[in-house]
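A.B. asks: The structure follows.
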Amino acid sequence: MGFFIASIANISYLQEDNFNDLEKTMLLSSLESVPGHTISRQLDVVYGSTVRSKHVGRDLMAGLKNIVGGELTGYTELLEESRQEATQRMIDKARGLGANAIVGIRFSTSNIAQGASELFVYGTAVVVQPVTPKLPDPFSS
Amino acid sequence: MDGLIFQIVIFLILFSVGWGFGRHIEQKHLRELDEKERQYAHIRIDTNRFVETNSNGQMISSNVVISHDYFKYVLATIRNFFGGRLVSYESIVERARREAMLRLKQEADRIGANHIMGVRLSTTELGMQGGMVEVFAYGTAIIHQF
């Protein structure tokens, strides 16, 4: 029962958001700068978070898998899409500030309640400009 | 009395199933890891975050959740009583880390990058009773233009 409701909820959730075309315009980097770009303006710290719980169907499978060991694919997918959602929230905040990139991104995870975990992502919203490629100087040689 | 015997039988079944399947899955996983690590050995990885480069790049991430088996759980429970190294759990965490790094490399390979900078790893314990560990790896893939 829980499995069916959760899968319906999952489908409608997937239809609502379309991450890919939005993410393309925002540059993300876990470094102190965006590769190939120079930072022209520092804006503010932006963050996004989401709290997700696993559903009954996945829990049951995980209970069985706990006996034999190995990878839990259901949880791997669940955490991945939750992190994507958190990142999307962070990107929305950065866009509100007028940034076109986020640098120094860090992720953190915490168990806040029985069966629920919080996925938190933060970074610095900045405005960047692409580095103009240096052409070889014709007079130097 | 019957209940006790039943419990012992259940325990022994779980223990042997966990031992057999757990061993099999772990060895299969380690073989796959060895093979794929050789395949993606050309991708360089560092944790330097102050790099300046003119190439383009983007952030990539990967995660994996690995659970223990019943055999390891029993071993760890016994070991917990006496203290010391939990060798059976160390192998789980190591497998999870290697798998996460490998997936990060695969992701980099998919977008055509051959260098990952500023890699960070984070480990989370998921299950409430313990035994499920998640490793999340993220970094910035650099597409070198020569």
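What follows draws every value from the coordinates through simple rules; no lab data is involved. Since we're looking at a predicted model, the values are computed, not measured. Don't worry about glycine lacking a Cβ; one is built from the backbone with ideal geometry, like all the others, and counts go over all protein chains shown.
A.B. asks: State log₁₀ I(q)/I(0) for segment B:21-146 at q = 0.10 Å⁻¹ as given by the Debye formula over alpha-carbon point scatterers of equal weight, solvent excluded.
C.D. replies: Log10 I(q)/I(0), no solvent term: -0.39.
A.B. asks: Using only Cα atoms, find the angle between the long axis of helix B:70-82 and the longest principal axis of chain B, and express it within 0 to 90 degrees, rounded to the nearest 10.
C.D. replies: 80
A.B. asks: Per the Kirkwood formula on distinct C-alpha pairs, the Rh of segment A:45-102 is how many angstrom?
C.D. replies: 13.3
A.B. asks: While we're looking at this one, here's another question. Using only Cα atoms and rounding to the nearest 10 degrees, what angle (0 to 90) does helix B:2-39 make with the longest principal axis of chain B?
C.D. replies: Helix B:2-39 and the main axis of chain B meet at about 20 degrees.
A.B. asks: Any idea what the relative contact order of segment B:2-143 is, in percent, if you count C-alpha pairs under 8 Å spaced at least 6 apart?
C.D. replies: It comes to 33 percent, rounded to a whole number.
A.B. asks: Mind checking the mean number of beta-carbon atoms from other chains within 10 Å of the Cβ atoms in A:32-41? Each step should come with its number before you reach the end.
C.D. replies: Working: counts 6, 6, 6, 16, 9, 3, 1, 0, 0, 0.
Partner Cβ neighbours, averaged per residue: 5.
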